[in-house]
Amino acid sequence: MPTVRRATSEDAAELVRLREMLLVAMGQEVDEPTWRLNAFQQFEQRIAPGGDLTGFVVDGDGGVLAASAVGLVVTSLPGPNRPDGRTGYLLNLATDPKYRRQGNARAVTTALLDWFHGQGVKRIELHATERGLPLYASLGFTEHSMKALTYAERRPL
């Protein structure tokens, strides 16, 4: 079983590297020039003590991270599936290709789910790649019955 530890602000650069791998796997363009610096600053600030992000990582060789899972708790309006209005979001679950098929993604995800449950969060959501679906299903995630839509600001022609 991989050794999981809590992510710290010192992991910010590696969390960005893994995030880029995840975004590429999800079919997103990563050429926009400022996102990496912004993501680095967000990780550095928000994963620090008192920040609103919590992450778990597995260390690889030579100072790289093998895998990461980051979570955020958001309070919205209460409903039957979240009576207190809180939802956990599983973000940035990524595994370096060199460390796949070794239980790293399961280990960091399980650690994050345990953390969410310890916070009393009963509903957890995520966006998944096709590759991640079997892992999420094995951990109890199901497809949501509501259709998810996204609006992106339109750029002038």
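The values are calculated or read from the model by the stated rules, or taken from the named source; none is laboratory data. On a predicted model such as this, the values are computed, not experimentally measured, just so you know. Counting neighbours? That spans all protein chains shown, and the Cβs are built from the backbone with ideal geometry, glycine included. Accessible surface areas use protein heavy atoms only, side chains included; no ligands, DNA or RNA. Shrake-Rupley method; radii C 1.70, N 1.55, O 1.52, S 1.80 Å.
What is the distance in Å between the Cα centres of region 66-101 and region 126-157?
What the calculation gives is 12 Å, centre to centre.
Residue-wise, which Karplus ³J(HN,Hα) couplings in Hz belong to region 5-22, taking 6.51 cos²θ - 1.76 cosθ + 1.60, θ = phi - 60°, and x for glycine or proline?
So the J values, rounded to whole Hz, are 9, 6, 6, 10, 4, 5, 8, 3, 5, 6, 5, 5, 4, 5, 4, 4, 4, 5.
Check which residues have an amide H placed less than 5 Å from D96's amide H, if you skip close sequence neighbours.
For D96, the qualifying residues are A67.
On the Cα set of the chain, report Rg and Dmax in Å, please.
Looking at the chain, its Cα Rg and Dmax stand at 15.9, 52 Å.
For L91, what residues show an amide H to amide H distance below 5 Å, using hydrogens built from the backbone and excluding near sequence neighbours?
V70, G71, L72
Using the Cα centre of region 10-140 as the reference point, and only Cβ charges (+1 on K/R, -1 on D/E), how large is the resulting charge dipole? Debye, rounded to the nearest 20.
Values: 13 positive and 16 negative charges, 105 e Å.
That gives a dipole near 500 debye.
What ranking, highest mean first, results for peptides 8-15, 92-99 when packing means the other Cβ atoms within 10 Å averaged over each residue? Intermediate results must be reported in sequence, preceding the final value.
On the way: 8-15: 17.5, 92-99: 19.4.
Highest mean packing first, the order is 92-99, 8-15.
With every protein chain left in place, what is the accessible area of S76 in Å² (1.4 Å probe, nearest 10)?
Taking all protein chains as shown, S76 has close to 60 Å².
List, in order, the whole-Hz ³J(HN,Hα) value for each residue of region 34-43 obtained from phi through the Karplus relation with A = 6.51, B = -1.76, C = 1.60 and θ = phi - 60°; use x for Gly and Pro.
Each residue's phi maps through the Karplus curve to give 9, 5, 5, 5, 4, 5, 4, 4, 5, 4 Hz.
Could you order V30, V4 so the one with the most accessible surface comes first? Probe is 1.4 Å.
The most accessible residue leads, giving V4, V30.
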